[in-house]
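Every number here is computed from the coordinates shown, using simple stated rules; none is lab data. The structure presented is a predicted model; accordingly, all values stated were derived computationally and were not measured. Positions of Cβ are backbone-derived with ideal geometry, glycine not excepted, and every protein chain shown enters the neighbour counts.
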Amino acid sequence: MDPTEVNVPDVKDMNIDNITQNTILINSQCESERVKYLFERLVTHLHDFARETRLSTQEWKAALDFLVTVGQISSDDRHEFILLSDILGLSLLVDAIDHPKPPSSTEGSVLGPFHSHKAEVVPSGSDISSDPKGRPCLVLCTIKDPSGAPIEGVKIDIWETDSSGHYDVQYAEHDRPDGRCVMTSDEEGRFWFNAIVPVSYPIPHDGPVGKLLKLLKRHPWRPAHMHFMFEKEGWDHLITALYIHPDPYLTSDAVFGVKDSLIESLGSVSAEQAKAYGVREGTALISRDFVLVSDDETQRLRDSNALAAMADLFPGKKIKLLDHLPVPDLD
């Protein structure tokens, strides 16, 4: 950008006491009120962190080198930055803020680093796993609104690991999607499929995130679970998972994804169900009624939560919503 076209305020004589105000000042020429507010808070918290911890040059450089290695190991099939966000609790926090749920609806969980857009679209009743070592499992689900009315035409992404705890994309030789699919709910809001019983597994810990977990004396394990993502115009986007009880890692999930409302115990396919769905009686069974809320309801809840949170964080400071996102009200 041509310096002559930018009206940059004068900053000089930088020191510990004035660097924050000057950095915010020079960033304040941004035309977007939201971006300006984001960077004002980012700079404030980053600088306060450095001052509060008396951050050393060696620690600062180690942190930058760590982020470089996170980027270097990331790929289309392994998103190490998502993994880092997950193990720091940020992913769950952002989802909870951006997709608040009324008590009657299904809560969200983390996306994780192994969602893929390469899943095949299949009809209900399909087998989504080719793993011969996995324990067969019938999954019966419905999608409804808070009043109990079925929602037709919802796109559902489903993905899980194989019986060894690996996703298909973790295998260098994988040539087609496995353990994942995309389905659509029918006129009664139903979808069902044949899968395998989810197993506990460690998140990838052969990279920088794994080293960080070791430094923090944390284990890398996730409890057994199956991922679901729901999309339909007019309805709030839902990313969630079902966690299988019992599991030794339900109370220490490495990525903080478990919520009590998402825990399911395995059932057993009855004789009637076996006949209806073409599986063996006694096959493991997962049943779930998912509840979606409208975009409008979520937006209203997000707006009210944002204003209440800002009032608590900045008492006496005027805040407005710009495109439903909080910014300082300077009028």
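Quick check: the distance between the Cα centres of the range 1-78 and the range 95-146, to the nearest angstrom? Centre-to-centre distance over Cα atoms comes out at 38 Å.
Direction-averaged shadow area of the convex hull around the Cα atoms of the range 1-111, nm²? List each step's numbers first, then the result.
Values: hull surface 44.5 nm².
That works out to 11.1 nm².
For the range 225-331, trypsin sites (Lys or Arg not before Pro) are listed when DSSP marks them as loop and at most 14 other Cβ atoms sit within 10 Å of their Cβ; the list is Arg280, Lys317, Lys318.
Given the pairs Lys36/Lys317; Lys101/Lys133; Lys36/Lys144; Lys133/Lys275; Lys133/Lys211, which span a C-alpha to C-alpha distance of over 28 angstrom in this model?
Numbers: Lys36/Lys317 17 Å; Lys101/Lys133 37 Å; Lys36/Lys144 40 Å; Lys133/Lys275 24 Å; Lys133/Lys211 31 Å.
Listed pairs above 28 Å: Lys101/Lys133; Lys36/Lys144; Lys133/Lys211.
Tell me which trypsin sites (Lys or Arg not before Pro) from the range 7-114 have a DSSP coil assignment and no more than 13 other beta carbons within 10 Å of their own.
Numbers: sites: Lys12, Arg34, Lys36, Arg41, Arg51, Arg54, Lys61, Arg78; in loops: Lys12, Arg54, Arg78.
Answer in residue order: Lys12, Arg54.
What aspartates and glutamates could a cross-link reach from Lys61, if we take a straight Cα to Cα line under 19 Å and drop same-chain neighbours fewer than 8 places away? Result set, ordered by chain and number: Asp48, Glu52. If you take every DSSP beta bridge whose two residues both sit in the range 80-293, what share of them, in percent to the nearest 5, is antiparallel? Percentage antiparallel, nearest 5: 70.
Within the chain, which is the longest segment containing none of the GluC sites (Glu not before Pro) that sit in a DSSP loop and have at most 16 other Cβ atoms within 10 Å?
32-119
By the count of neighbouring beta-carbon atoms within 10 Å, fewest first, Leu238, Leu321, Leu216, Leu250 end up ordered Leu216, Leu321, Leu250, Leu238.
Checking (1) 79, 44, 38; (2) 58, 52, 39; (3) 62, 46, 36 against Cα extents along the principal axes in Å calculated from these atoms, the matching label is (1). Relative to the Cα centre, the charge distribution of the range 1-55, modelled as +1 at Lys and Arg Cβ and -1 at Asp and Glu Cβ, gives a dipole magnitude of about 260 debye.
To the nearest 0.05, what FRET efficiency results for Asn27 and Lys275 with a Förster distance of 56 Å applied to their C-beta separation? Working shown, then result.
Details: r = 66 Å, r/R0 = 1.18.
Step by step, r from the Cβ atoms, then E = 0.25.
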